[in-house]
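J.: Structure in structure tokens, see below.
Any read-out appearing in this document is the output of simple, stated calculations on the displayed coordinates, not a laboratory observation. The model shown is predicted, which means the values in this text are computed figures rather than measured ones. Neighbour counts run over all protein chains shown; Cβ positions are idealised from the backbone, glycine included.
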Amino acid sequence: MTAVPQPGPDAAPLLEMTGISVAFGPVRALDGVDFRLHAGEVHALMGENGAGKSTLIKALTGVYPVDAGRVVLDGAEVAFAGPAQAQAAGISTVYQEVNLCPNLSVAENLLLGREPRRWGRIDGRGVRRRAREVLARLHLDVDPASPLDSHSIAVQQLVSIGRAVQVDCKVLILDEPTSSLDADEVAELFRVISRLRADGVAILFVTHFLDQVYAISDRTTVLRNGRLVGEYRTAELPRLQLVSAMVGRELETLEQLERVPAEPASQAVAPVLAASGVSRRGAIEPVDLVVRPGEVVGLAGLLGSGRTELARLLFGADRADTGEITVDGTVLPMRTPRDAISAGVAFTSENRGAEGVVGDLTVRDNIVLAMQAARGLRRIPRRAQDEAAARWIEVLDIRPPDPDALLRNLSGGNQQKVLLARWLATGPRLLILDEPTRGIDVGAKAQIQALVADLAREGMGVVYISAELEEVVRLADRVLVLRDRRPVAELAGEDVEVDRVMELIATGHGEPDAERRGGADWEYGRSDA
Amino acid sequence: MTTAPPPVVGPSPVAAGGRAGRVPARFVPVLVTFGLFVALFAVGGLRYEAFASGQVLLNLLIDNAFLVVLAVGMTFVILTGGIDLSVGSVVALSTMVTAAMLRAGWSAPVVIVAVLAGGALFGLAMGAVIHYLEIQPFIVTLAGLFLARGLCYLIDLSSIPITDPLFRDLSQTAIPLGEDMFLTPSVLVALAAVAVGAYVLHLTRFGRTVYAVGGNQQSALLMGLGVGRARVGVYVISGFCSALGGLLFSVYLLSGYSLNAVGMELDAIAAVVIGGTLLTGGSGYVLGSLLGVLVLGTVQTIISFEGTLSTWWVKIVIGLLLLAFVVLQRILAVGPRRRRAPAPAPSAPAGRTDPPQGDG
Ligand SMILES: Nc1ncnc2c1ncn2[C@@H]1O[C@H](COP(=O)(O)OP(=O)(O)OP(=O)(O)O)[C@@H](O)[C@H]1O
Ligand SMILES: [Mg+2]
């Protein structure tokens, strides 16, 4: 596990950060980190949740002040006072959480601060035209005049990427841009990235998907606990070595990732959830779904196929127009999430920024929030709160393991773990997970998947949604495939395999469709350089 | 970079702008206010013979020109998620400074420029404290309210008459409009303020940043927008508008008095909210605020036509209207628009960086 620093391609690096240290009070988020970025390369920045990736990016763009270290861009030392200055110097950044304004239109979000102007006033027609161009380049078919908050997280993520790539920049930084995207959107993004790389843009790319690292990156820098582990040529770095560089030990989890789901529940067991004919106009056509205790049912489908919408109906977060939902044999009024919660249903939303975490509360408070809601006004004794917090911090390996840390100071992945803990702590009968491993590192992802399988084995019913088909297929006993807001098939047992699901998603029926299948693996990228 | 795509052949997308048949949800509150205004006016017209005349309509503007100007400034502030409680006191202070300076023999143009600059500076100071010292706008502008009111008493305890010829002329000028209707110069100033306000909000980058800051301040910062400039700027604008409102008020009353415009900040806030602007920021229009002022004015006029009703009925009706509008906005926000529902657990709103503002 030796880091082999590779000399740069030929010229001096475009961006060189040396000895960067950033501390938040006692927490040393970065400790003497070196990082180099060359023109015309895609550089993956890897590390576990909380390793310091986002902090490095924010230190570069002036969001956080640096305690020590120098940054040299294009031969000149720079120290940006904020994102505006970094942008002016040619550094375009997509930060980790979607950072757009929900109250404005898609076009405005794409062009805020750089609207085309005529005689000093914003040229509305020019704004719409530019926005359409940017959207077309990402093959994103949305109305530029529509408000941003009418779109899914994935579309919002694409919009923020569109915002970053539309300007001529020297450096493009993408902090987990693909966490909510489906294979097709990722492919689209990679085409854009390849084009920019060919134009000589230096690209810094953060992701937790190893496949994507190998598909697109030329070099990889690994951080662990705020320190530099090493810089590698991606092609010469075996996967196992990358993972062990990230987690700091040889890891069996990669094998564990291939674990098989628990044996399917028998048909005789009374279902924990039975939904018949639930639908909502404009969101999802009528769906029947049964989940038995001990069963993991996956929902698969492209972005906008209705998977999130269905989950929200099951939980009562949106009202169903038709249909009936029973939990443990009792029909739920299912008008509000409250009904669902008291019936023992838990739901983790895909949109943690807007709906989930409460940044100004501590980790402990966030974890006990749903428990408290289920109990009503009676306070949970402090002892019980501490126990719950300690337990879930340990089980999910939340870092830092401090129940009094403010949630907004946690790294993105660790916030996601806290959100998961909140619902697990209620001990639900039915757990609905919408993108639970979004933004979570490889090691923790395997842990969470194992946890879900364990919970199912103990008798919980689980509905599992993920843009990663492999993940759904690996965990689920049955998979309901959705397409264009309609259920197209339910697979069980032997049929639950990635290719089958992909065919159904692509074609709506089981026949192979060669062209779409090609989209599944990462065989593009360098060709059009 | 790729080359620009070939020009699109075919019909030009002019029609794309006005997708007929559906009103975007963000315009609904303004339309509702407009409908309410028309309805109130119709009620007045049905009940009282003299009511439904063009001049009554124009009088609404004439009597409330200063409030329109204040509401424009307040709209900017509220769009960023802030609040400005100082405007009423700044109006009073402006009338006092105007009257006192004129009495001391300064020429009217100098006085006007000095008062406007003073208002803008007052706003600048408050905005800078709010933004750079990160103190809540509610507190800072409350301090501004007391400070400006106190300064009034420092100038003079009693009312100071204005005898300057320019101010007199302005107050007596009637601009004829058609046969037997007229406007005053103040109305033109107020309408100009609305037009300039709308222009700045919708056609300049500063204005778009104001909306962005109200939508999500953290995002606006990360997008590299001039957040500080916008947050301070709106208080400068509000201070300037207050001073301008004070000048119009001086013209209207031809005097300066410390007890002028007590509580007018609340009228301005009420007009903005009734006009459909969200107190949490990020959504609203100055045109809505103008309509809000007209609604308030109509209520007042109806009650004065009634004659037997006491003026506190105005307050009651305005209170009810405010409540109705806040409820309406709530319904619009969570209802038909497929807005993502908030987290099911009872929790503080997540993700906002600044604390919720005080009530209006
Ligand atoms: N504003 C802050 N205040 C205090 N601590 C912080 C702050 N921001 C980050 N940290 C801490 O710094 C460390 C690094 O966080 P960072 O967000 O850089 O991680 P990351 O590598 O991006 O992780 P992830 O993959 O989960 O996004 C974490 O321990 C985090 O708790
Ligand atoms: Mg991060």
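J.: Relative to 2.2 N^0.38 Å, what does the C-alpha radius of gyration of the stretch A:15-237 come to as a ratio? Two decimals please. Please report the intermediate quantities before stating the final value.
T.: On the way: Rg = 17.4 Å, N = 223, 2.2 N^0.38 = 17.2 Å.
Normalised by 2.2 N^0.38 Å, the Cα Rg of the stretch A:15-237 equals 1.02.
J.: Under 10 Å from the Cβ of A:Leu332, count the other residues' Cβ atoms, weight Lys and Arg +1, Asp and Glu -1, and hand me the total.
T.: -2
J.: Using modelled amide H (1.01 Å from N, peptide plane; none on Pro or chain starts), what sits under 5 Å from the amide H of A:Val229, excluding residues fewer than 5 places away?
T.: A:Val222, A:Leu223, A:Arg224
J.: Based on C-alpha coordinates, I'd like the Rg and Dmax of chain A, in Å.
T.: 23.3, 74
J.: Can you pull the mean other chain C-beta count within 10 Å for peptide B:211-219?
T.: 6
J.: Would you please give the residues with an amide H less than 5 Å from that of A:Ser105, counting only those at least 5 places away or on a separate chain, with H modeled from the backbone geometry?
T.: The list, which skips near neighbours in sequence, is A:Leu148.
J.: With a Cα-only, solvent-free Debye model of the stretch A:64-117, what are the log10 I(q)/I(0) values at q = 0.15, 0.24, 0.28 Å⁻¹?
T.: -0.59, -1.08, -1.26
J.: Please order B:Leu116, B:Leu133, B:Leu102, A:Leu433 by the number of other Cβ within 10 Å, starting at the fewest. Kindly include the intermediate steps, with their values, before the conclusion.
T.: Values: B:Leu116 19, B:Leu133 8, B:Leu102 22, A:Leu433 26.
Fewest to most other Cβ atoms nearby, the residues stand as B:Leu133, B:Leu116, B:Leu102, A:Leu433.
J.: Could you tell me the distance between the Cα centroids of the stretch B:251-286 and the stretch A:459-488, to the nearest Å?
T.: Taking the Cα centre of the stretch A:459-488 as reference, the centre of the stretch B:251-286 is 54 Å away.
J.: Which peptide among A:64-73, B:247-256 comes first, and what is the full order, when sorted by highest mean count of other Cβ atoms within 10 Å?
T.: The densest-packed peptide leads the list: B:247-256, A:64-73.
J.: For A:Thr93, list long-range residues whose amide hydrogen, built 1.01 Å from N in the peptide plane, is under 5 Å from its own amide hydrogen.
T.: A:Ile173
J.: To the nearest 20 debye, what is the magnitude of the charge dipole of the stretch A:324-469 about its Cα centre, counting +1 on the Cβ of each Lys and Arg and -1 on the Cβ of each Asp and Glu?
T.: So the magnitude is around 440 debye.
J.: Continuing with this model, one more query. Within a 10 angstrom radius of the beta carbon, how do B:Trp312, A:Trp119, B:Trp106 rank from fewest other beta carbons to most?
T.: The order, fewest Cβ neighbours first, is A:Trp119, B:Trp312, B:Trp106.
J.: Over all alpha-carbon pairs of the protein assembly as shown, lay out the pair-distance distribution in 10 Å bins, whole %, shortest bin first.
T.: Spelled out bin by bin, the protein assembly as shown gives 2, 11, 19, 22, 19, 13, 8, 4, 1, 0 percent.
J.: How much length, in nm to one decimal, is gained on full extension between A:Arg408 and A:Leu210, taken as 0.36 nm per residue of separation minus their Cα-Cα distance?
T.: On the way: separation 198, 0.36 × 198 = 71.28 nm, distance 2.65 nm.
Working it through step by step, the gained length comes to 68.6 nm.
J.: Also: List, in order, the whole-Hz ³J(HN,Hα) value for each residue of the stretch A:17-29 obtained from phi through the Karplus relation with A = 6.51, B = -1.76, C = 1.60 and θ = phi - 60°; use x for Gly and Pro.
T.: Calculated HN-Hα couplings, in order: 10, 10, x, 6, 10, 9, 10, 10, x, x, 7, 8, 6 Hz.
J.: Given the -39500 (n - 2.57) contribution per DSSP H run of 4+ residues, what per-residue ellipticity at 222 nm results for chain A, rounded to the nearest 500 deg cm²/dmol?
T.: Taking each H run of at least 4 residues, the total per residue is -9500 deg cm²/dmol.
J.: Report, ordered by chain and residue number, the lysines lying within cross-link reach of A:Lys170, taken as a straight Cα distance under 21 Å and ignoring same-chain residues fewer than 8 apart.
T.: A:Lys53, A:Lys58
J.: Just how far, in whole angstrom, is the stretch A:131-181 from the stretch B:110-125 if you go by their alpha carbon centroids?
T.: Value for the Cα centre distance between the two parts: 43 Å.
J.: Another question, then. Once you place label points 7 Å from the Cα toward the Cβ at A:Arg70 and B:Val196, how far apart are they in nm?
T.: Each label point is offset 7 Å from its Cα along the Cβ direction, giving 5.0 nm.
J.: Further, regarding this structure: How much net charge surrounds A:Ala154 when only the other residues with a Cβ under 10 Å from the Cβ of A:Ala154 are counted, with Lys and Arg +1 and Asp and Glu -1?
T.: Net charge around A:Ala154: -4.
J.: If you don't mind, there's one more thing I want to ask. Work out the FRET efficiency for A:Ala81 and B:Arg47 from their Cβ-Cβ distance, taking R0 = 60 Å, and round it to the nearest 0.05.
T.: Efficiency, rounded to the nearest 0.05: 0.45.
J.: Further, regarding this structure: Taking loop as defined by DSSP and a crowding limit of 12 other beta carbons within 10 Å, which trypsin sites (Lys or Arg not before Pro) in the stretch A:333-425 fit?
T.: A:Arg335, A:Arg378, A:Arg379
J.: Now a separate question. So if we plug the beta-carbon distance of A:Val331 and A:Asp454 into 1/(1 + (r/R0)^6) with R0 = 30 Å, what FRET efficiency do we get, rounded to 0.05?
T.: Approximately 0.50, to the nearest 0.05.
J.: Let me check against my output: what whole-number percent is the relative contact order of the stretch A:357-427, with C-alpha pairs under 8 Å and at least 6 apart?
T.: Values: 87 pairs, mean separation 35.4, N = 71.
Once divided by the residue count of the stretch A:357-427, the mean separation gives 50 percent.
J.: In Å³ and rounded to a whole number, note down the convex hull volume per residue for the Cα atoms of the stretch A:348-452.
T.: Per-residue hull volume (Cα only) is 95 Å³.
J.: Shifting gears a bit: Only helices at least 20 Å long along their axis, Cα-based, and averaging 0.0 or more on Kyte-Doolittle count here, so list those DSSP H runs from chain B.
T.: Once both thresholds are applied, what remains is B:28-47, B:54-79, B:87-103, B:108-132, B:137-155, B:185-203, B:227-253, B:286-306, B:312-334.
J.: Next question. Computed over the Cα atoms, what is the radius of gyration of the stretch B:44-142 divided by 2.2 N^0.38 Å, N being its residue count? Before the final figure, lay out the partial values.
T.: Working: Rg = 18.0 Å, N = 99, 2.2 N^0.38 = 12.6 Å.
That works out to 1.43 for the stretch B:44-142.
J.: Could you run the Karplus curve 6.51 cos²θ - 1.76 cosθ + 1.60 with θ = phi - 60° over the stretch A:73-79 and give me ³J(HN,Hα) per residue in whole Hz, x for Gly and Pro?
T.: Residue by residue, the stretch A:73-79 yields 10, 6, x, 10, 6, 10, 8 Hz.
J.: Could you give the length gained on full extension between B:Glu134 and B:Phe146, defined as 0.36 nm per residue of separation minus the Cα-Cα distance, in nm?
T.: Separation in residues times 0.36 nm, less the Cα-Cα distance, equals 2.3 nm.
J.: What does the charge count near A:Met46 come to, summing +1 for each Lys or Arg and -1 for each Asp or Glu among other residues with Cβ under 10 Å from its Cβ?
T.: 0
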